[in-house]
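The values are calculated or read from the model by the stated rules, or taken from the named source; none is laboratory data. Computed from a predicted structure; not experimentally measured. For neighbour counting, all protein chains shown are included, and Cβ atoms are generated from backbone atoms with ideal geometry for every residue, glycine included. Side chains included, ligands, DNA and RNA excluded: accessible areas come from the protein's heavy atoms. Shrake-Rupley method; radii C 1.70, N 1.55, O 1.52, S 1.80 Å.
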Amino acid sequence: MIGSDFLVGVQFSVGAFEAAGLTGDDMLRVAATLEGDGCVDYINISAGEPFSLEALDNAADAEADLEAAAAVKRGGALPVFCGADIRDVATAAQAIESASCDMISMSRAYLAEPHLLNKQRGGSDETIRPCVGAGFCLDRSLQGLEILCLHNPATGRETLLSHAIGKSKEPSKKIVVVGAGPAGLEAARVCAARGHSVILYEKQAATGGQIKLAASVAGRARLAGIADWLETQVRLAGVELRLECAATLDTLQKDEPDIIVVATGGTARQPAINGTEYTTATWDILSGEVVPAGSVLICDQQGGHQALSCAAFIATRGGLVELASRGRRAGHNLGPASLSDHLRPLYAHDVVFSADLALREIYPEDGRLVAVLRNAVTLAEEERLVDQVVVECGTLPEDSLYGELRPHSINLGETDLDALASDTPQRIEVNRGGWFQLFRIGDAIAGRDIHAALYEALRLCRQL
């Protein structure tokens, strides 16, 4: 039993978007019954459920949520909350002003930025980390994992990592970060917040690295918000950003840094088969360096976003695509929310899905390519005659600069993993002739996703 001063609310979805599921009218009757019984103080409304592709699509539709909430509010007197895909204060304020609901719940927005309202009230809008709607948190929830945010690695780890970056208690240092992908941008942001003088090198004309490739696909453009926010923060913090400028041993010697953080990313890994010279990497397609040609076979060894994004990129431009996955299904390493975002355009453009197939060989024939595929279960081989073979095999570290710098570093490029795990400073000194500390993060070590790259950068740099 609870006292009369204890608030009780009920959250439910107005419309399951399933053939046999409850409809909007059904749920309106439920709301009326709850109000009539006098057993609840408020109702929290969403739209869609994580049971099907259509339901997941509707679960990420702020307009559907607000329409559902407004319908419940019109039919009763109880206060109505609304949540789901409302990610900023402006949208929330407009919803309340239009009387669609009485209160907005913004779970995902607060996972990305726990200090959202404080920053809004304090006039620090430019520092608000936006929710980009990637579905990373929802995927983890649906998979029974701890809930984390794609681009705020401190969320869910507050006992280990504070959201606020404290100033270093030691004298300010000069830190050079090489590479302005997600790991490098985060490293520069955190080092600057620590009070250090930071230079950030990027050989390309823009920051973002592979994030910008991922955002080039229809439906995933919001991912660019991660790179945009990080770049804004490094500029606000006074980081010296050197675009279209490749760092070398000579240039770094002239900078005279105390610490160098190498975040130079990776290169596309090629499959270990005969005929590798006839393959194209997913990166090359998404970047526009290689134009899709006619019928395309995409061979995916990763089961992540990359091959699915590439398939959508090609198919939506008129290409004929077969996506052959080494796993039991396409995108087998993705959660249901992320997978649903990818599948709809692929089905809409007649992409063919083939499972349990590994690429074994490629050879030319009459101006086209023959790809030999082997079934992972039966070991039977089959062939495809196509115009282009695109592969996704992960990344290899681009660590040539790191290798060149190691002999000149105090720590010979070694990271103290015990110190990293215990959140204490890096103190390794094994080279008396060294003149700086050297670290590498992100794909420059091994293939990382966005979250892992940011997490690694934050853990290391918060103690530099």
Practice problem: May I ask you to say which residue of V391, V430, V352 is in contact with a Leu (Cβ under 8 Å, 6 or more places away or on another chain) and buried (at least 18 other Cβ atoms within 10 Å of the Cβ)? | Solution: V391
Exercise. Starting from residues that are surrounded by fewer than 22 Cβ atoms within 10 Å (Cβ to Cβ) and in contact with a strand residue (DSSP E or B) (Cβ under 8 Å, 6 or more places away or on another chain), keep the ones in the stretch 409-427 and report whichever is nearest to C137 (Cα to Cα).
Key: T415
Quiz item: Which pairs have Cβ atoms under 7 Å, sit 6 or more apart or on different chains, and link a residue in the stretch 76-99 that is farther than 27 Å from G135 by Cβ to one that is open to solvent by 40 Å² or more (accessible area, probe 1.4 Å) and outside any helix (DSSP H, G or I)?
Solution: L78/Y42; P79/Y42; P79/D102; P79/M103
Self-check item: In the stretch 156-185, the residues that are among the aliphatic types (A, V, I, L, M), touching an Asp or Glu at 6+ places or on another chain (Cβ under 6 Å) and in a strand (DSSP E or B)
Solution: V176
Practice problem: Working carefully through the options R108, R87, find the one that is charged (D, E, K, R) and in contact with a strand residue (DSSP E or B) (Cβ under 9 Å, 6 or more places away or on another chain). | Solution: R108
Self-check item: Residue check for A246: crowded, with 20+ Cβ neighbours inside 10 Å, among the small types (G, A, S) and either on the phi < 0 side of the Ramachandran plot or in contact with a Pro (Cβ under 6 Å, 6 or more places away or on another chain) (or both)
Solution: no
Self-check item: Count of the stretch 131-155 residues which are open to solvent by 50 Å² or more (accessible area, probe 1.4 Å) and either part of a loop (DSSP other than H, G, I, E, B) or in contact with a Cys (Cβ under 7 Å, 6 or more places away or on another chain) (or both)
Solution: 5
Quiz prompt | Output for the stretch 41-64, where each listed residue is modelled with pLDDT under 75 and not small (G, A, S) | solution = E49, P50, F51, L53, E54, L56, D57, N58, D61, E63
Quiz prompt | Residues that are part of a loop (DSSP other than H, G, I, E, B), within 24 Å of C137 (Cβ to Cβ) and either of a type in the set (D, E) or open to solvent by 30 Å² or more (accessible area, probe 1.4 Å) (or both), drawn from the stretch 67-83 | solution = none
Exercise. Tell me, yes or no, whether the stretch 163-174 has at least one residue that is more than 26 Å from L420 (Cβ to Cβ), among the polar types (S, T, N, Q) and open to solvent by 30 Å² or more (accessible area, probe 1.4 Å).
Key: no
Quiz item: If you check Q210 against the conditions, is it under 13 Å from G179 (Cα atoms) and surrounded by fewer than 22 Cβ atoms within 10 Å (Cβ to Cβ)?
Solution: no
Quiz prompt | Flag if R108 is touching an Asp or Glu at 6+ places or on another chain (Cβ under 8 Å), at pLDDT 90 or above and surrounded by 22 or more Cβ atoms within 10 Å (Cβ to Cβ) | solution = no
Quiz item: Would you pick out the residues in the stretch 320-348 that are outside any loop (DSSP other than H, G, I, E, B) and in contact with a strand residue (DSSP E or B) (Cβ under 6 Å, 6 or more places away or on another chain)?
Solution: L320, V321, E322, L323, A324, S325
Quiz item: Quick check: is even one residue across the stretch 360-379 closer than 20 Å to I450 by Cα and open to solvent by 70 Å² or more (accessible area, probe 1.4 Å)?
Solution: no
Quiz prompt | Options V296, V291: the member that is open to solvent by 50 Å² or more (accessible area, probe 1.4 Å) and over 22 Å from R448 (Cβ atoms) | solution = V291
Quiz item: Counting just the residues of the stretch 330-372 that are of a type in the set (D, E, K, R) and under 21 Å from F313 (Cβ atoms), which one comes out modelled with the highest pLDDT?
Solution: D350
Exercise. Would you check if Y110 is hydroxyl-bearing (S, T, Y) and free of Cβ contacts under 8 Å to residues at least 12 places away in the same chain?
Key: yes
Quiz prompt | Which numbered condition V178 fails, given (1) touching a residue at least 12 places away in the same chain (Cβ under 8 Å); (2) open to solvent by 30 Å² or more (accessible area, probe 1.4 Å) | solution = (2)
Quiz item: Are any residues in the stretch 383-429 in contact with a Ser or Thr (Cβ under 9 Å, 6 or more places away or on another chain), among the charged types (D, E, K, R) and under 19 Å from Q301 (Cβ atoms), and if so, which ones?
Solution: R384, E392
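Going through the stretch 314-328 one residue at a time, which ones are touching a helix residue (DSSP H, G or I) at 6+ places or on another chain (Cβ under 7 Å) and crowded, with 24+ Cβ neighbours inside 10 Å?
The answer is I314, V321, L323.
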